[in-house]
Amino acid sequence: MTATSPPIEPAALAPRRARRWPLWPVVLILLLAAAARIHGAAGRPVWTDEGFVAWATGDPDLGEVFDRIETWDRHPPLYVFTVATWRQVAGDSRIALRWWAIAAGLLATAVVYRTGADWLGHGAARYAALVFAVLEMAVYYGQEIRDYGWLVLAVGLMSFFFLRCLRRPRPLLLAGYVLSITFMLYTVYLGLLALVVQGIIWLAWRAPWRAKLRLAAAWIASAILFVPWLVVLLRQYDRGYNSVSQGISDFPGSYETTLDTLRPVIELVLGSQLALTGGLFLLGAWGLSGWTLARGGARPIPERSRLAGLYLVLASGGLFAFMLVANLWIGLVAARTLAYLTPALALVCGWGLWLIRPGARALFAGLLAILALASDPVIQPRMDYDAAAQALAAQASPGDLVILETGWDDNAFQYELSLALPDGVQTIRTLPWTGDPGRAVPVVPQVEDAVRAHRRVWVVQWLQPSQVIPWLETGDDGYRLALAQATPTGAQYAVAYPQDPTIHAALFERPDLAGDPLNFGDVLALGNVLLPESIRAGERLHVDLWWAALAPPTLDYSVGVFLLDAGGRVVAEHNGPPGNAPTTAWAVGEFVFDRHTLALPGELAPGAYRVMVNAYWYGDLEPLRVDGDDAAVVGQVTVRAR
């Protein structure tokens with residue numbers, strides 16, 4: 001890359017010109033930014049922090065939302081309150097919950113352009129906006145159900161208003177500056193580091209004291225507006241939960257400051273095209289030092305322009321270096337905590353692009369955009385919660401109870417299960433009793449009443465040692481293990497947690513085996529049948545049978561399960577061998593779990609339907625007689641409209 005004098009002077013240095021810059025390139029960049037952030041937002045499963053927001057906003061009562069934030073969150077409430085209110089209108093889908101982050105990413109792109117146009121000129125501003133529109137970090141946190149995308153926007157707005165105030169701190173600009181700082185304070189406290197950089201520039205700013213005092217007054221006004229939440233914040237610190245000294249060390253996606261992690265962390269910020277983006281950043285930082293900020297580098301440069309360039313470098317590379325050093329003592333470094341550096345970083349890279357010859361500039365800009373959009377880096381490790389939820393949902397029935405023993409991932413699992421499970425399935429998080437290791441209480445006493453109120457109970461376990469499964473395995477309350485399945489955590493978490501590569505789900509049932517069974521011939525006894533009370537048309541109906549052998553079977557029998565309408569017509573059926581072993585391998589008197597899944601037609605009319613069962617040898621298809629008939633009606637289910 002060859003640095004040359006910029007073809008036009010920066011807007012801050014050049015007199016106003018009659019030339020109008022075309023708007024269509026900016027519109028195209030904004031459309032690109034929107035497309036990059038919308039793409040994949042509907043399909044990507046939530047991770048731990050997103051799961052918290054999904055849980056915290058799940059109650060329509062804002063008072064309950066406030067209590068959840070105060071008790072469990074380290075962040076201010078503005079973003080969560082906004083999502084909670086929006087959720088009542090837009091629904092619970094991933095794209096609906098991510099809408100506010102997507103909107104913030106689009107607005108932040110516009111703010112980057114406008115800030116660049118103020119100080120670097122419209123041409124360089126367009127390149128800066130393009131870099132921000134496709135930069136992996138900016139895109140990623142522009143589609144996450146968490147407040148880091150808002151922090152990016154807040155810091156971008158703070159920079160925009162602060163730099164404009166360096167020219168002349170007018171009342172309207174000061175009001176915008178106050179609101180942008182307040183927006184940051186009610187979003188993520190980490191933005192205070194950007195405010196510190198602005199304070200450094202303020203100290204170096206040789207302006208009349210009246211102008212400097214106006215900026216100081218803006219800081220005071222922002223602090224006053226923050227006082228209502230400051231009371232809550234102090235209460236959190238008194239409880240010892242919201243301690244800054246804890247940092248984010250050892251959390252998924254966090255990094256220690258070592259030589260081995262230096263390159264991965266730099267790649268997080270600059271993107272996967274490290275050589276290209278890094279070269280543009282270094283060139284832009286050199287240019288913003290003042291030597292090339294004016295055409296030819298020979299004319300005097302106004303102090304405020306030098307300060308603006310210095311601010312952009314410090315607010316990106318300077319803060320990055322500071323966080324790496326501070327990370328030695330307090331856990332500060334993770335992808336999510338570095339995302340707010342991207343607006344200033346994009347502006348520096350945009351200026352670096354502008355210093356290149358026009359032909360090479362377009363080539364590098366296009367190459368950066370294409371490679372960035374084509375890449376799919378792992379910025380925040382995610383577990384395949386959606387796959388695990390869908391696997392469980394395929395086996396769950398209305399009326400089931402699901403208990404989550406997945407530690408801090410309870411919230412994420414609960415949300416993904418809410419998207420996948422049929423209606424009428426209750427979930428219980430054990431996180432309230434195990435989330436704070438220092439204050440953890442036994443789980444079983446908290447859930448045993450709910451467990452005993454259900455006949456089918458699922459337990460989902462990962463990483464956190466299960467307390468519920470050993471209790472149910474004792475069989476003291478009549479529960480028997482019916483099904484067990486394992487789902488991989490996915491490649492991203494398999495690297496972070498190689499010792500726990502699978503998510504386990506176990507179904508325990510409590511059949512009533514004390515009554516008189518239905519005898520099929522003199523070979524098989526049907527002890528009990530479990531099926532949901534109601535189900536929607538088009539869903540899967542799971543009919544669970546508990547069989548025992550009356551005598552050693554000499555044939556391998558099959559079982560048919562049929563759904564009959566009011567006229568006795570079969571509308572759905574399933575035939576297959578019972579249990580996981582052929583009947584000839586059954587021990588006499590030992591009950592065997594046997595599940596049959598019927599696919600209900602979507603056009604099935606609402607109403608009551610009977611469930612009928614028969615047993616037969618596949619060799620001659622002759623059914624075993626039960627109470628003198630070829631089959632027995634064993635229950636009834638209500639079908640609801642889709």
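The values are calculated or read from the model by the stated rules, or taken from the named source; none is laboratory data. Keep in mind that what you see is a predicted model, and the values were worked out from it rather than measured. All Cβ positions, even for glycine, are placed from backbone atoms using ideal geometry, and neighbour counts span all protein chains on display.
So that you can scan it fast, the table gives a plain yes or no per residue for (1) over 29 Å from residue 32 (Cα atoms); (2) within 24 Å of the chain's Cα centre (by Cα):
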residue: 357; (1), (2): no, no
residue: 371; (1), (2): no, no
residue: 380; (1), (2): no, yes
residue: 394; (1), (2): yes, yes
residue: 408; (1), (2): yes, yes
residue: 426; (1), (2): yes, yes
residue: 436; (1), (2): yes, yes
residue: 443; (1), (2): yes, no
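In region 446-480, what residues are touching a Lys or Arg at 6+ places or on another chain (Cβ under 8 Å) and either without any contact (Cβ under 8 Å) to a residue 24 or more places away in the chain or of a type in the set (Gly, Ala, Ser) (or both)?
478
Quick one: residue 586 ticks every box in (1) within 28 Å of residue 451 (Cα to Cα); (2) crowded, with 20+ Cβ neighbours inside 10 Å except a single one, so which number is it?
Looking at each condition in turn, residue 586 falls short on (1).
Condition (residue is more than 30 Å from residue 435 (Cβ to Cβ), outside the structural domain of residue 588 (by TED's automatic domain parsing) and either outside any strand (DSSP E or B) or among the aliphatic types (A, V, I, L, M) (or both)) applied to region 529-542: is it met by at least one residue?
no
Output the qualifying pairs, or none if there are none: Cβ atoms under 6 angstrom, residues six or more apart or on different chains, first residue in region 164-177 and small (Gly, Ala, Ser), second residue buried (at least 21 other Cβ atoms within 10 Å of the Cβ).
Qualifying pairs under 6 Å: 176/161.
I'd like the full set of residues that are without any contact (Cβ under 8 Å) to a residue 60 or more places away in the chain and in contact with a Gly (Cβ under 9 Å, 6 or more places away or on another chain), limited to region 487-500.
Listed by number, the list is empty, since nothing qualifies.
All but one of (1) of a type in the set (Val, Ile, Thr); (2) buried (at least 18 other Cβ atoms within 10 Å of the Cβ); (3) without any contact (Cβ under 8 Å) to a residue 40 or more places away in the chain hold for residue 27, so report the exception by its number.
Result: residue 27 passes all but (2).
Return the residues of region 56-105 that are within 17 Å of the chain's Cα centre (by Cα), of a type in the set (D, E, K, R), part of a helix (DSSP H, G or I) and over 12 Å from residue 144 (Cα atoms); say none if nothing qualifies.
If the condition is that a residue be within 17 Å of the chain's Cα centre (by Cα), of a type in the set (D, E, K, R), part of a helix (DSSP H, G or I) and over 12 Å from residue 144 (Cα atoms), then 87 is the only one that fits.
Can you find even one residue in region 553-565 that is on the phi > 0 side of the Ramachandran plot and of a type in the set (Gly, Ala, Ser)?
No: region 553-565 contains no residue that is on the phi > 0 side of the Ramachandran plot and of a type in the set (Gly, Ala, Ser).
Residue-wise test of (1) assigned to a loop (DSSP other than H, G, I, E, B); (2) surrounded by 21 or more Cβ atoms within 10 Å (Cβ to Cβ); (3) within 30 Å of the chain's Cα centre (by Cα).
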residue: 324; (1), (2), (3): no, no, yes
residue: 352; (1), (2), (3): no, yes, no
residue: 368; (1), (2), (3): no, yes, yes
residue: 390; (1), (2), (3): no, no, yes
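Kindly check whether there is at least one residue in region 240-260 that is closer than 23 Å to residue 198 by Cα, at pLDDT 85 or above and assigned to a helix (DSSP H, G or I).
No.
State whether one or more residues within region 477-490 are in a helix (DSSP H, G or I) and surrounded by fewer than 16 Cβ atoms within 10 Å (Cβ to Cβ).
no
Sort out which residues of region 53-80 are at pLDDT 95 or above and not aliphatic (A, V, I, L, M), and write them in order of number.
55, 57, 79
Just checking, which of 501, 465 is in the same structural domain as residue 394 (by TED's automatic domain parsing), in contact with a helix residue (DSSP H, G or I) (Cβ under 6 Å, 6 or more places away or on another chain) and at negative phi?
501
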